[in-house]
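Take a look at the structure set out below.
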Amino acid sequence: MSARLERHGGALYVVLDVPARRNALNAEGFATLREACRVARDEHPTALVITGANDTFTAGGDLEWFTSLAESPDSLREVFSQLAQVMWDLEDLPCPIVAGVGGVCVAGGLEIVCLADIVVAARSATFADGHARVGLLPLAGTVHRLAARVGSAAANRLLLTGAVIDANEALRIGLVGQVVEDGRLSAALDDTCAALSASPARVLAALTRLSRQTDGNRVRARRKELDEALANAGSPSVLEGLNSFLERREPRFGRNA
């Protein structure tokens, strides 16, 4: 199992657990996130917490899975559309989303962080986007969310250069809200959920709606991002980028890729 649901008190946890793949999100992992959305809508937990096992958050989408689809752009587009919908469903939940980040947080992991209402990171955590390095694009509204959270200068550095930043830098620019010592992440997440449970669910739901700024601009931005990602899915750079990652070499992108 690549991800599992757990209940800690009144909170619902999604625990990503693929140690050999740095908790990369595959079809099963995204299915668990989809199931978490269903359970959260039915049970109204204090919070939905997304974290990783083995002191690692996630290296993002499983590139081996994407590579198996890339020979058929239509198949890749269909999967990308489904993944974007999962991310949008998460963002539209009425309960707070809490991300607990240890170890690496890359690409799809950064997308989860950007849609989370509260982000707690371990001191040793690192953050990067990395989509462009393999010829891909974020697909669920991350560009808009990231710029809104950290400002356009910091967002552009992460998105365009693939820069890797540590937890202290992530805290400084506002990507995360709290940094705790290694080994304290689980306790900090429990403390956060306990603090949330002290407030009425209606109040928390209203505050999350307001802080997410659920308006037409956000909806249009995430739809436009998916459109760009789907258009890019058929480009030769996608297959080259994915293959280069699996072959552990630098990609050979043409100037017009």
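The values are calculated or read from the model by the stated rules, or taken from the named source; none is laboratory data. These figures come from a predicted structure and were not determined experimentally. Note that each Cβ is placed from the backbone with ideal geometry, even for glycine, and that neighbours are counted across all protein chains shown.
Scanning segment 147-170 for residues that are in contact with a strand residue (DSSP E or B) (Cβ under 8 Å, 6 or more places away or on another chain) and β-branched (Val, Ile, Thr) gives 164, 165.
Scanning segment 176-187 for residues that are touching a strand residue (DSSP E or B) at 6+ places or on another chain (Cβ under 6 Å) and either part of a helix (DSSP H, G or I) or surrounded by fewer than 18 Cβ atoms within 10 Å (Cβ to Cβ) (or both) gives 177, 178, 182, 185.
Under the condition of being of a type in the set (S, T, N, Q), under 14 Å from the mean Cα position of the chain (by Cα) and within 25 Å of residue 249 (Cα to Cα), the residues counted in segment 124-172 number 1.
Taken over segment 17-42, residues that are under 13 Å from the mean Cα position of the chain (by Cα) and at pLDDT 95 or above amount to 1.
Note on segment 111-133: among residues that are of a type in the set (A, V, I, L, M, F, W, C) and in contact with a Ser or Thr (Cβ under 7 Å, 6 or more places away or on another chain), the one that is farthest from residue 50 (Cα to Cα) is 114.
Screening residue 45 with (1) more than 16 Å from the chain's Cα centre (by Cα); (2) at positive phi; (3) buried (at least 24 other Cβ atoms within 10 Å of the Cβ) gives one miss only, at (2). Taking first residues from segment 144-163 that are surrounded by 18 or more Cβ atoms within 10 Å (Cβ to Cβ) and partners that are basic (Lys, Arg), the Cβ contacts under 7 Å between residues at least 6 apart in sequence or on separate chains come to 144/218; 144/222.
Right, residue 97: crowded, with 19+ Cβ neighbours inside 10 Å and within 11 Å of the chain's Cα centre (by Cα) or not? I'd like the intermediate steps shown before the answer.
Numbers: crowded, with 19+ Cβ neighbours inside 10 Å: yes; within 11 Å of the chain's Cα centre (by Cα): no.
So residue 97 does not fit the description; no.
Beta carbons closer than 6 Å, at least 6 apart along the sequence or on distinct chains, pair a first residue in segment 126-141 that is over 16 Å from residue 165 (Cα atoms) and touching a residue at least 12 places away in the same chain (Cβ under 8 Å) with a second that is basic (Lys, Arg) and buried (at least 21 other Cβ atoms within 10 Å of the Cβ) for 140/222; 141/222.
Scan segment 215-238 and give yes if some residue there is touching a helix residue (DSSP H, G or I) at 6+ places or on another chain (Cβ under 8 Å) and part of a loop (DSSP other than H, G, I, E, B), otherwise no. The answer is yes; a qualifying residue exists. Answer yes or no as to whether residue 218 is crowded, with 16+ Cβ neighbours inside 10 Å and of a type in the set (D, E, K, R). When the stated conditions are applied, residue 218 passes them.
Summed over segment 188-212, the residues that are more than 20 Å from the chain's Cα centre (by Cα), more than 29 Å from residue 123 (Cα to Cα) and assigned to a helix (DSSP H, G or I) give a count of 6. Every condition in (1) polar (S, T, N, Q); (2) surrounded by 16 or more Cβ atoms within 10 Å (Cβ to Cβ); (3) not in a helix (DSSP H, G or I) is met by residue 32 except one, and the failing one is (3). Is it true that residue 227 is touching a strand residue (DSSP E or B) at 6+ places or on another chain (Cβ under 6 Å) and charged (D, E, K, R)? Taking the combined requirement at face value, the residue does not satisfy it. Counting only residues that are among the aliphatic types (A, V, I, L, M) and touching a strand residue (DSSP E or B) at 6+ places or on another chain (Cβ under 6 Å), which one in segment 123-143 is surrounded by the most Cβ atoms within 10 Å (Cβ to Cβ)? Filtering first and then ranking leaves 125. Being touching a residue at least 24 places away in the same chain (Cβ under 8 Å) and under 18 Å from the mean Cα position of the chain (by Cα) is a property that residue 4 has.
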